[in-house]
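Here's the structure we're looking at; comments come further down.
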Amino acid sequence: MGEAANGQDGLALARELRPDLILLDINMKGISGLETLKAIKEFDLDTRVLMLTVSDSEEDVISALRMGADGYLLKDMEPEDTLDCLNKAARGQLVISERLTHKSVATS
């Protein structure tokens with residue numbers, strides 16, 4: 001298990017630890033969560049990457065999913081719902097906060 005304060009450190013940890021699941025925020029110091037997501041996907045790790053953020057911007061949701069995020073969760077979710085989504089994501093399911101399901105999330 002690891003924790004990083006910024007995207008650059010997160011990338012180094014991802015390469016070193018090769019975790020099953022990574023949680024990223026959209027807004028991070030240094031490189032953004034989306035840039036970090038893109039770099040992680042370029043590493044070709046067998047890792048599920050979820051965005052966990054306060055941003056409910058449709059543009060952020062669509063961008064993250066198009067860039068390969070395995071889910072998009074909002075930080076204001078109930079803890080039980082967050083845990084349920086994390087478990088589903090770990091089993092390979094795409095997870096999106098219920099509040100965001102009304103937004104257009106076409107990923108193609």
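The values are calculated or read from the model by the stated rules, or taken from the named source; none is laboratory data. Note that the structure is a prediction, hence the values are computed from the model and not measured. Here Cβ is always computed from backbone atoms with ideal geometry, including for glycine, and neighbour counts include all displayed protein chains.
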Of the numbered conditions (1) of a type in the set (A, V, I, L, M); (2) under 14 Å from the mean Cα position of the chain (by Cα); (3) at pLDDT 90 or above, Met28 fails exactly one; give the number of that condition.
(3)
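Scan the stretch 7-17 and tell me whether some residue there is surrounded by 13 or more Cβ atoms within 10 Å (Cβ to Cβ) and either free of Cβ contacts under 8 Å to residues at least 12 places away in the same chain or not in a helix (DSSP H, G or I) (or both).
Yes: the stretch 7-17 contains one or more residues that are surrounded by 13 or more Cβ atoms within 10 Å (Cβ to Cβ) and either free of Cβ contacts under 8 Å to residues at least 12 places away in the same chain or not in a helix (DSSP H, G or I) (or both).
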Take Leu65 and decide whether it is in contact with an Asp or Glu (Cβ under 8 Å, 6 or more places away or on another chain) and in contact (Cβ under 8 Å) with a residue 40 or more places away in the chain.
no
Which condition does Asp76 not pass, out of (1) surrounded by 12 or more Cβ atoms within 10 Å (Cβ to Cβ); (2) in contact (Cβ under 8 Å) with a residue 12 or more places away in the chain; (3) farther than 22 Å from Arg15 by Cα, if it passes all the others?
(1)
Residues satisfying the stated conditions in the stretch 48-73, i.e. surrounded by fewer than 19 Cβ atoms within 10 Å (Cβ to Cβ) and of a type in the set (Val, Ile, Thr)
Val54, Ile62
